[in-house]
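The values are calculated or read from the model by the stated rules, or taken from the named source; none is laboratory data. Not measured: the values here are computed from a predicted model. Cβ sites come from the backbone with ideal geometry, for glycine too, and all protein chains shown count toward neighbours. Please note that ligands, DNA and RNA were not included when accessible areas were found on the heavy atoms of the full protein model with its side chains. Shrake-Rupley method; radii C 1.70, N 1.55, O 1.52, S 1.80 Å.
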Amino acid sequence: MPDRRNWLQISGRAVAGLTDAFAIVFRHLFRRPVTEEYPEFKRVLPARSRARIILTRDPDGEERCVACFLCAAACPVSCISMAGAERADGRRWASWFRINFARCIYCGLCEEACPTLAIQLTPEFEFCERDLLAMVAEKADLLVDHGGKDNEYNFYRLAGVDMVGEKGTHIGEAKPVDIKSNLP
């Protein structure tokens with residue numbers, strides 16, 4: 001008898017689920033369709049939507065990219081390439097930076113991998129081209145004059161990176177531990 005009752009409960013739930021599904025279908029079957037004409041009507045995308053990639057600047061106006069190559073390593077389709085260089089004061093920068101938007105899948109992994117918040121994805125998505133070579137963006141095309149989503153972030157100030165001085169001489173930095181003093 002318990003098997004029969006269990007079977008009846010399962011059958012009842014299945015019929016109730018089908019009835020609910022058909023009710024939803026019939027409710028929407030006789031409604032007028034809502035069609036949004038794209039070029040005339042453009043929906044406002046959320047701020048977190050991922051589309052066009054930009055390179056941002058820190059509050060001092062310097063480029064945030066330090067050419068660490070983490071974005072290129074994280075990219076699943078290998079559409080990012082760059083070359084790193086070092087300035088006279090010791091700060092690293094990308095001498096050239098290139099993204100092939102024809103290959104990019106806009107996954108946002110490059111943005112997540114960037115420790116300096118240099119790469120950010122914007123909601124702008126209207127930049128298609130007929131020529132695939134026109135989809136390759138150089139550093140000059142990507143670099144903007146603002147900080148993007150976080151205008152106040154400065155990697156060199158926050159990380160305590162200063163090219164002058166020894167270890168333990170920076171503001172708020174502890175002296176290095178002598179590992180030989182820890183030996184028994």
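Here are a few things to note about the model shown:
- None of K180, K175 is open to solvent by 90 Å² or more (accessible area, probe 1.4 Å), in a helix (DSSP H, G or I), charged (D, E, K, R) and modelled with pLDDT under 85 except K180.
- Residue within the stretch 18-34 that is surrounded by fewer than 17 Cβ atoms within 10 Å (Cβ to Cβ), assigned to a loop (DSSP other than H, G, I, E, B) and in contact (Cβ under 8 Å) with a residue 60 or more places away in the chain present: no
- Checking F101 against (1) open to solvent by 60 Å² or more (accessible area, probe 1.4 Å); (2) at pLDDT 90 or above, the condition it does not meet: (1)
- Options L133, L117; residue that is modelled with pLDDT of 85 or more, in a loop (DSSP other than H, G, I, E, B) and of a type in the set (A, V, I, L, M): L117
- Pair list, Cβ under 6 Å, 6 or more apart: the stretch 58-81 residue over 15 Å from T116 (Cα atoms), other residue in a loop (DSSP other than H, G, I, E, B): V77/R103; V77/I105; C79/R103; C79/C104
- Some residue of the stretch 77-87 being part of a helix (DSSP H, G or I), open to solvent by 50 Å² or more (accessible area, probe 1.4 Å) and modelled with pLDDT of 90 or more: no
- The set of residues in the stretch 98-114 being out of contact with any Asp or Glu (no Cβ under 7 Å at 6 or more places or on another chain) and outside any loop (DSSP other than H, G, I, E, B) consists of I99, N100, L109, C110, E111, E112, A113.
- Unique residue being part of a loop (DSSP other than H, G, I, E, B), of a type outside the set (D, E, K, R) and open to solvent by 50 Å² or more (accessible area, probe 1.4 Å) when the list is V15, V44: V44
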